[in-house]
Amino acid sequence: MQGTEVADGENLEMHAIENQSAAPLSKEEKEKKIQELTAELECTNQRSEVYRAILLALFKDMEDQKLKLSVKVQNARLTLKE
C-alpha cells in the first residue's frame, strides 16, 4: 500500500495525512510551515537549475557532435565525387 513518491523520497500519502490535521494551526505553526515549504521550494529550485545547466551542456555537446558528423559526411561526399 505505497503511494507515489515525490523527488525527495517523501510518501505522498503521508504528506496528505500531515496536511489533514483536525485542529487549525496556530500562527506560529503556520509561520513554521511556511518557512519549511519556502526552504523546500528553494532547494527544489536550486536542483532544477543544476539539472537545467546539465541539460544545456548536454544539448550543446550534441550540437557539436552533429556539426562534426556533418563535416565528416560532407568530406566523404566530396571524396566520392572525385
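Rule-based calculations on the coordinates, nothing more; no lab input. Values in this document were obtained by computation on a predicted structure and should not be read as measured data. Counting neighbours? That spans all protein chains shown, and the Cβs are built from the backbone with ideal geometry, glycine included.
Simple spin-label model, 7 Å along Cα-to-Cβ: Val73 to Lys33 in nm?
5.7
Taking the Cα centre as origin and putting +1 on Lys and Arg beta-carbons and -1 on Asp and Glu beta-carbons, what dipole magnitude results for the stretch 25-81, to the nearest 20 debye?
Dipole of the stretch 25-81, to the nearest 20 debye: 700 debye.
Tell me which lysines have Cα within less than 28 Å of Lys60's Cα, excluding those fewer than 8 residues away on the same chain?
Answer for Lys60, where 28 Å is the Cα cut-off: Lys68, Lys72, listed by chain and number.
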